[in-house]
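Contents: one structure, followed by commentary.
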């Protein structure tokens, strides 16, 4: 199980040094995600992806739930009203509309709404990033959390540690 560690770094120069130390500790660039204020020159730092910057994952989840619920209600309504509307329907219409609603809801909510909404988990770091600081998110195995914290703080005591997230997505 992986954990995502959050650190606020003072500037890009310190961020580059932290990146070098983490690379020496065998943390790959794919496990490091740097994020700064819009327009900040991040040089060669591995930047956070759209999935990490936006609320796309949460949007997919909410859209899938609400779409599936809406589809199931519509299917159940259509099935119960089949005599009134004069159509022959099987109970499978509930399942079909449940699935179609879930897929449609996930697509619309995730792609159009979630992808344009900033990640709510990063909201607490926005003020620091607006001041020019850099957010570092590091995805590490649970048994390496203390080691990585020690590496970062040992060389850079001015780095602010903002804890860890236990529920990172399976795909970055």
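Please treat every number below as a calculation from the coordinates, not as lab data. As the structure is a computational prediction, the values presented were derived from the model and not from experiment.
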Cα-based equivalent ellipsoid, the chain: semi-axes from gyration tensor eigenvalues, Å: 46, 16, 11
Run the Debye formula on the Cα coordinates of region 73-166, all scatterers equal and no solvent, and tell me log10 I(q)/I(0) at q = 0.10, 0.19 1/Å. -0.57, -0.99
Please quote Rg/Rh for region 56-116 to two decimal places, taking the Kirkwood radius as Rh and restricting both calculations to Cα atoms. 1.15
Cα-based Kirkwood hydrodynamic radius, region 11-104, one decimal, Å: 17.2 Å
